[in-house]
Amino acid sequence: MSKIFTRYGDGTPVELSESELWEDMRAGTEDAADRANVPVLTDDDLKYMYDILASPYSFVSCERGKEVILTYDAGTLKIRRVGVNVDRIQALQVYEKIMGADTMELCHVDYSYKPIKPIITMEQPIMEQALLSTHIPLLYGAMPNLGLYSQPDGPFPNPAELLPMGQIKEARESLEMTVEEAVRDIVFTGSAMYESGADGINLDSVGAAGDADFLASLMACQKLKEKYPDICIQIGMAGEFILGMHGELEYDGVRLAGLYPQDQVVLAKKAGATIFGPVVNTNTTESTPWNLARAVTFMKACGEVAEIPIHPNMGMGVGAVPVNDHPPIDTVSRASAAMTSLCKLDGL
Amino acid sequence: MGDPVSMAITHAHASGMGGMRGAGDLVARAQMSRGMRTWEAKEYVAEKLKISVADLTDPVIMTEVREDLQIGQMTPMPGCAKGIEAKFNIARELDFNINCVNRFKTRTSI
């Protein structure tokens, strides 16, 4: 029996037998179901995924009619990152006219709301000029990045230093203070960019610093939505699971620590988010069939309960995309096709 | 992270609506301004453009539609609406509330 070409989660090539591929898919969906308390994929889902993974072609796509909208994080950064020397408005035009982008995001290389605040008047004219010459919806994006608010980068005691010393109360107080500061910065920056005409604001890598990070994003989203009822706010997550760095923070009576995507999206909607971007992290030591079945299991459950559009993250290292600066197209296209075909989602 | 060929371009071909080659930007606006999920957003845009949902990703049909309605096209011909001009037309034809169009009107006293 011939072997099927696939890859590990770090992109390393590997060949699996049919039975090995099936075993990996089943183990992946069971892992997700067990962690998030959601249903495993059906046999029909797994058969569909098998056909995608076992396809002999280098590139696989979704079926005609199942196409979805693409949003981007760190949008204009990705052109500069590969050393192409164009400015940000040109980068937006490259995405719009050359790369088939449905939407795009303007951002700064220092991709967090805190450092944007003092240079906001340099950012606003770029957005205003970009909006004159482009057609697709433009968001302004950055990360809440609560890590920047604790010492040595910020004013508050560092919870990561306090916790190992057993100073739990002090660590929690510090995190609560960072939430207040971060909300102020996000609302200030988001307001300025919206008043410059942006179609929306993207809060990217939400939850990277744990439950306080998620809380700050939800509170900022709520404040921006109250201030500008028509604003589009996208909340894109950093990981599949909210880390309980504080452990007792709540939003609308719901404890944030430990939430998985199907619960996160409910709170995002309550906060007024327009689009929610759930994440499933890629495991580098497991195969793509394992990672893909696992990712689709989480996302399928999220899509079933979502009452707002969801755009699962499918960038490097998430959504079964390998952890590599140059994710192989064979694997990315398979992950893309399976995700859009098997889940009730609205974009990537 | 991830280089644009492996991420943005691959997803655009595997699962994207094609942006301005189709009606991707318009369906995105329906999601963003009206909170519609994809299937609702596609139906809304198709109805407004008087085409089928399947036509939304067809670059041949959509180029004609976009040219007729002056809502921006991949290859901008002389005299056609471009940039903010096209977005004025998108707001009118698809009944979207576009932030920069509204602010343009305010700032120019239109």
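The values are calculated or read from the model by the stated rules, or taken from the named source; none is laboratory data. Small disclaimer: the values here were computed from a predicted structure and weren't measured. Here the Cβ is made from the backbone with ideal geometry for all residues, glycine too, and neighbour counts use every protein chain on show.
The table for this structure:
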{"quantity": "Filter result for A:A54 (farther than 19 Å from A:M99 by Cβ, at pLDDT 95 or above and in contact with a strand residue (DSSP E or B) (Cβ under 6 Å, 6 or more places away or on another chain))", "calculated": "yes"}
{"quantity": "Pairs, first at the interface with another protein chain (Cβ under 7 Å from one of its Cβ atoms) and closer than 17 Å to A:I136 by Cβ in the stretch B:27-39, second among the hydroxyl-bearing types (S, T, Y) and part of a loop (DSSP other than H, G, I, E, B), C-beta under 8 Å, six or more apart", "calculated": "B:A28/A:T71; B:A28/A:T103; B:Q31/A:T274; B:M32/A:T103; B:M32/A:T274"}
{"quantity": "Helices (runs of 4 or more DSSP H) within the stretch B:37-97 that include 1 or more residues surrounded by fewer than 19 Cβ atoms within 10 Å (Cβ to Cβ) and at pLDDT below 95", "calculated": "B:38-49"}
{"quantity": "Boolean, B:S6 is more than 23 Å from A:I201 (Cα to Cα) and at the interface with chain A (Cβ under 7 Å from one of its Cβ atoms)", "calculated": "yes"}
{"quantity": "Subset of the stretch B:98-110 that is closer than 14 Å to A:T134 by Cβ and part of a helix (DSSP H, G or I) - its residue that is nearest to the other protein chains (Cβ to nearest Cβ)", "calculated": "B:C100"}
{"quantity": "Subset of the stretch B:2-45 [of a type in the set (A, V, I, L, M, F, W, C) and under 14 Å from the mean Cα position of the chain (by Cα)]", "calculated": "B:M17, B:M20, B:A23, B:L26, B:V27, B:A28, B:A30, B:M32, B:A41, B:V45"}
{"quantity": "Within the stretch A:1-115, helices (runs of 4 or more DSSP H) holding 1 or more residues that are within 14 Å of chain B (Cβ to nearest Cβ)", "calculated": "A:43-54, A:77-81, A:88-98"}
{"quantity": "Residues being away from every other protein chain (no Cβ under 12 Å) and either of a type in the set (S, T, N, Q) or free of Cβ contacts under 8 Å to residues at least 24 places away in the same chain (or both) - total across the stretch B:66-92", "calculated": "6"}
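Yes/no matrix, rows are residues, columns are (1) over 18 Å from A:Y111 (Cβ atoms); (2) aliphatic (A, V, I, L, M); (3) surrounded by 15 or more Cβ atoms within 10 Å (Cβ to Cβ):
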site: A:L131; (1), (2), (3): yes, yes, yes
site: A:A142; (1), (2), (3): no, yes, yes
site: A:N145; (1), (2), (3): no, no, yes
site: A:P152; (1), (2), (3): yes, no, no
site: A:N158; (1), (2), (3): yes, no, yes
site: A:Q167; (1), (2), (3): yes, no, yes
site: A:V179; (1), (2), (3): yes, yes, yes
